[in-house]
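Below is one structure, written out as structure tokens, with a few remarks after it.
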Amino acid sequence: MLVANNSFPGPELRVHKGDTAFVNVHNQGDYGVTIHWHGVRQPRNPWSDGPENITQCPIPPKTNFTQEIIFTAEEGTLWWHAHSDWTRATVHGALIIYPKKGTVYPFPKPYKEQTIVLASWYKSSVMEVLADSQASGQAPNVSDAFTINGQPGDKYSCSNETTFKMKVQYGKTYLLRIVNAILNENTFFAVANHSLTIVGQDASYTKHNKSDYLMITPGQCMDVLFTANHSRGGRFYIAARAFSDSDVGIDRTVTTAIIEYYHHHNSSSSPTFPKALPNISDADASTNFKAKLFSLNSAQHPITVPKNINRRIYMTVSINILNCSTCTNNVRTAASVNNITFYTPNIDILQAYYNNIPFVYNVNGTFPEEPPYYFNFTGDVSNISTVSDQGTKALMLNYLDEVEIVFQGTNLIAAESHPIHLHGYSFFVVGTGFGNYNKTTDPLSYNLYDPPEVNTMVLPKNGWTAIRFIADNPGVWFMHCHLERHTTWGMSTVFINRNGNTTATSIRSPPSYMPPLLSKGIFADSLEVGVGHVKQSIALIVSKAAAILPAFWALRQKAFFEWVLFTASGVSSGIYHACDVGTWCPLPYGVLQFMDFWLSFMAVVSVFIYLASTDEGFKRTIKTVVTILTAFMALTKATRGDLTKAEDLMRSTYLEPMNERHQHKAIQEMFFRKLESSIVWQREPTSAERRKIRKANIVNLIGSYAEGDQRLLVYEYMPLEIWKAICLKFITLTYYRSSIVHESLMVAARRILLQ
């Protein structure tokens, strides 16, 4: 069981409004993990937001990552949690944001405060539950129990002695800070024989609303006043159970804690159970509770609801299926927004956006601002296809856009309510209703005066919800259903808030260290090929012997510059990956990083130039430029963790849909454009020179097929085995942001190896 600081739930983080906190996350688990600061806007700082492969790669085991958490307008209760697969089930805790020093609550100061964290409990590993579900393509097993502050309650023998108890004093008022960290169920909550007064939701104050129960969704937080006003004292259950408005499988258990008055001596008496706790399928109770929540909107806590909307977006939310040859019934359960099942890439979208890395997202267009086709979304859908498209799409927002999004539930496969969470913003829920949204009549009922301001809202079953916000937070921000199974199935997308015109309205620069791509070894940037860490590293060590062949060839050709580079990079690569297998290394990481990676880069490029050019002056000039470039890159401390496996990206997002003929043509055209743009001509080449370059350029050397017979032209320049050795070295390189080295080289290198 993966937990934080040996506790479940994890430790509380307490700050004041406007503070900045630095949290150093040490991953001592067995797999990568990230931490998300749920509901914290993080202005211009998506680097510390946390969702895996959206704003960062996972923190590798036995490494650490310091996150900067910037608190601004938030005041009240939020929470933090892991954001990798289902790790948030056990890795989470509360964020307590007190008023700014010198200010007070907008309600009488409570006698004491108590944090209540609701969570799911699995007897088996949640990662195994997820893996089994993904393998079968079916819905995951439900949890075995719910917990309150880590305990399922005294109705379970395992928790008889450890059930959470809250001691209270008659006549005193307590502030309950309630966090719903449950994985897959909306939740009813009540305290027997006591009413609750809601004063805050998602770190934003609300008008005081008295209720006998709460309906709180996964991801939501509520601040609730509770007065111990039972004159005869006693013992009373705090109880929580799921709310379900569909036929899908859920955890139907009840979790309990105990309110116990001081001076109540009969501790063996059975606590009173809350009669006000709604039944599991009481949809009216859920609807009525949500309808009573409004922002405080006072002089001390004003709100500004966007009214000059210039971006109107309509999003359908559905359960779908995808074809899956290895799954039960050859299909797997999926989910979508606007019929797009989100595919999480293997490099984080933030770095791809910030560094202009292609083929990661929006390969075939941006996220659509309306459904691909309209039908009676909440009616009879028996003739509507349930198969969704799959892709990594991002919705592009301009700085200071005033945005309205209408979320529309659908009746496909299994209609139910959805808790939708948006990173990077708080938003106003200006309207909600049942049935299909009517863009003419439904806006007439919008609440633009005191709508609730939240980061997680409820989309009702077969209904709609409208939200508004201002796109004033440049960065990459995840939007997803907070039912974990739905996020896993793809009910999510990404918002990219473009920069403004100044530095102060643009994404901040990244921190000096970010977790690297797919890292598992002693060094934080080791490659992973999916066959087991030790086997992978041994294979990489063996592959370094391939550097001996080009070095031998360079020596015979008296290409001493290349010989030194290949020899040095080959030796250092072997040491580097030998260190990756073990736990000790004879050389510092930075030295090996430079020798293994940047010297390899220079070596490969230099050999290409040596073969492609006959003019010694031109060769020396290019080598000098490459040397300077390499030294500059080394000084910036770039690591392989900054890079991607370009072949996989191109193959999955660009090349796979093409037939072989079009693949070859695309590789040639893309690389030749890159090659031409990288050469600075002192004069325009003649037609004859251009023909000579085309005949001897790098494309022909490594990737182009001769017309008609599919033979590699590489035979004209170097024995194929030597080229295979170079390509083995090149595949470990995976650097394609240079104007000389391009992702097409990766595909071409792989193709040579298959000859």
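Any chance you could count how many residues in the stretch 230-274 are open to solvent by 50 Å² or more (accessible area, probe 1.4 Å), modelled with pLDDT of 95 or more and closer than 30 Å to Phe434 by Cα?
The total comes to 1.
Given (1) open to solvent by less than 10 Å² (accessible area, probe 1.4 Å); (2) out of contact with any His (no Cβ under 6 Å at 6 or more places or on another chain); (3) under 20 Å from Gly150 (Cα atoms), where does Ala192 come up short, assuming only one miss?
Of the numbered conditions (1) open to solvent by less than 10 Å² (accessible area, probe 1.4 Å); (2) out of contact with any His (no Cβ under 6 Å at 6 or more places or on another chain); (3) under 20 Å from Gly150 (Cα atoms), the odd one out for Ala192 is (3).
Of everything in the stretch 388-411 that's part of a loop (DSSP other than H, G, I, E, B) and closer than 12 Å to Asn310 by Cα, which residue is least open to solvent (accessible area, probe 1.4 Å)? Spell out how you get there, then give the answer.
In the first step, residues of the stretch 388-411 are kept if they are part of a loop (DSSP other than H, G, I, E, B); the result is 388, 392-393, 398-401, 410-411.
Next cut, closer than 12 Å to Asn310 by Cα only: 398-401.
Numbers: Asn398: 71, Tyr399: 69, Leu400: 95, Asp401: 9 Å².
Per the stated criteria, the residue is Asp401.
Got a sec? Which of Phe65, Phe22 is touching a strand residue (DSSP E or B) at 6+ places or on another chain (Cβ under 9 Å) and more than 27 Å from Tyr361 (Cα to Cα)?
Working: Phe65 fails: more than 27 Å from Tyr361 (Cα to Cα).
It is Phe22.
Quick one: what pairs do we get from the stretch 145-170, first residue over 27 Å from Thr227 (Cβ atoms) and small (Gly, Ala, Ser), second open to solvent by 10 Å² or more (accessible area, probe 1.4 Å) and not in a strand (DSSP E or B), C-beta under 9 Å, 6+ apart or different chains?
Ala145/Tyr122; Ala145/Lys123; Ala145/Pro152; Ala145/Tyr156; Ala145/Thr253; Ser159/Pro152
Check the stretch 351-367 and report whether any residue there is closer than 27 Å to Ser417 by Cβ, more than 20 Å from the chain's Cα centre (by Cα) and hydrophobic (A, V, I, L, M, F, W, C).
The answer is no, given that none of the residues of the stretch 351-367 is closer than 27 Å to Ser417 by Cβ, more than 20 Å from the chain's Cα centre (by Cα) and hydrophobic (A, V, I, L, M, F, W, C).
Residues in the stretch 62-71: is at least one among the aliphatic types (A, V, I, L, M) and part of a loop (DSSP other than H, G, I, E, B)?
Narrowing the stretch 62-71 to residues among the aliphatic types (A, V, I, L, M): 69-70.
Filter once more, keeping what is part of a loop (DSSP other than H, G, I, E, B): none.
No; the residues of the stretch 62-71 include none that is among the aliphatic types (A, V, I, L, M) and part of a loop (DSSP other than H, G, I, E, B).
Could we say that Thr432 is closer than 21 Å to Glu370 by Cβ, open to solvent by 30 Å² or more (accessible area, probe 1.4 Å), among the hydroxyl-bearing types (Ser, Thr, Tyr) and assigned to a strand (DSSP E or B) here?
yes
For the stretch 113-223, list the strands (runs of 3 or more DSSP E) that sit wholly inside it and hold at least 2 residues that are of a type in the set (Lys, Arg); which are they?
It comes to 165-168, 204-211.
Being touching a Phe, Trp or Tyr at 6+ places or on another chain (Cβ under 9 Å), farther than 19 Å from Tyr156 by Cβ and open to solvent by 10 Å² or more (accessible area, probe 1.4 Å) is the requirement here; does Asn279 meet it?
Here the answer is yes, as Asn279 does meet what is asked.
Suppose the filter is open to solvent by 20 Å² or more (accessible area, probe 1.4 Å) and more than 24 Å from Gly379 (Cα to Cα); does Asn310 pass it?
Considered against the rule, which asks whether it is open to solvent by 20 Å² or more (accessible area, probe 1.4 Å) and more than 24 Å from Gly379 (Cα to Cα), Asn310 comes out as yes.
Collect the residues in the stretch 22-39 that are surrounded by fewer than 16 Cβ atoms within 10 Å (Cβ to Cβ) and either part of a strand (DSSP E or B) or of a type in the set (A, V, I, L, M, F, W, C) (or both), keeping them in residue-number order.
Phe22, Val23, Asn24, His26
Let me confirm something: among Gly409, Gly379, Gly431, which residue is modelled with pLDDT of 95 or more, in contact with a helix residue (DSSP H, G or I) (Cβ under 7 Å, 6 or more places away or on another chain) and farther than 30 Å from Cys57 by Cβ? Write out each step before concluding.
On the way: Gly409 fails: in contact with a helix residue (DSSP H, G or I) (Cβ under 7 Å, 6 or more places away or on another chain); Gly379 fails: in contact with a helix residue (DSSP H, G or I) (Cβ under 7 Å, 6 or more places away or on another chain).
So the residue among Gly409, Gly379, Gly431 that is modelled with pLDDT of 95 or more, in contact with a helix residue (DSSP H, G or I) (Cβ under 7 Å, 6 or more places away or on another chain) and farther than 30 Å from Cys57 by Cβ is Gly431.
The values are calculated or read from the model by the stated rules, or taken from the named source; none is laboratory data. What you see is a predicted model; the values in this text were computed from it and never measured. Note that we place each Cβ from the backbone using ideal geometry, even for glycine, and neighbour counts take in every protein chain shown. When the accessible area is computed, the model is the full protein with side chains, heavy atoms only, and any ligands, DNA or RNA have been set aside. Shrake-Rupley method; radii C 1.70, N 1.55, O 1.52, S 1.80 Å.
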